[in-house]
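To keep things clear, I will list the structure first and then write my remarks on it.
The values are calculated or read from the model by the stated rules, or taken from the named source; none is laboratory data. From a predicted model like this one, the values you see are computed outputs, not experimental measurements. Here the Cβ positions follow ideal geometry from the backbone for every residue, glycine too, while neighbour counts run over all protein chains shown. We work out accessible area using only protein heavy atoms, side chains counted, and drop any ligands, DNA or RNA first. Shrake-Rupley method; radii C 1.70, N 1.55, O 1.52, S 1.80 Å.
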Amino acid sequence: MKKFFLVLLMAAAACKGPEDIPEDILPKEKMVQLLIRIHIAEAAVGVRNLPSDSASKLFKAYQNELFKKAEVDDSVYARSYSYYVERPELMDQIYAAVVDSLSLRESVGKMD
């Protein structure tokens, strides 16, 4: 009987609908776009072969500019990133979209 309830509980959890994302968390689509730009910025800094402290400062400047253009506060980004990290299924969906987009950009030669 206990196995039946355990199976029923697992089935109910598997059927759970999409999670409502709190208002103070970036939507998945916006998170995807930010992460794409952040990874491109990381690559741009990485190819410069700068000392680590200089690379870190340059990346931080790029990141601040990205947040400004996207009209996202860095604390909102950090909170959103933590939220998605705590929900691996959502983070997997986000990074699947990021990787797909970066791969497509690389294949057409557009990494800006």
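Against the test of being on the phi < 0 side of the Ramachandran plot, open to solvent by 60 Å² or more (accessible area, probe 1.4 Å) and either among the basic types (Lys, Arg) or at pLDDT 95 or above (or both), the options 71, 65 yield a single qualifying residue, 65.
Restricting the first member to region 88-108 and to residues that are without any contact (Cβ under 8 Å) to a residue 12 or more places away in the chain and at negative phi, and the second to residues that are of a type outside the set (Val, Ile, Thr) and assigned to a helix (DSSP H, G or I), the beta-carbon pairs closer than 7 Å and six or more apart or on different chains are 91/84. Checking the stated criteria, residue 80 turns out to be in a helix (DSSP H, G or I), modelled with pLDDT of 95 or more and of a type in the set (Ser, Thr, Tyr).
Going by what's in this entry, would residue 53 be described as within 14 Å of residue 33 (Cβ to Cβ), open to solvent by 80 Å² or more (accessible area, probe 1.4 Å) and either of a type in the set (Asp, Glu) or in contact with a Cys (Cβ under 8 Å, 6 or more places away or on another chain) (or both)? No.
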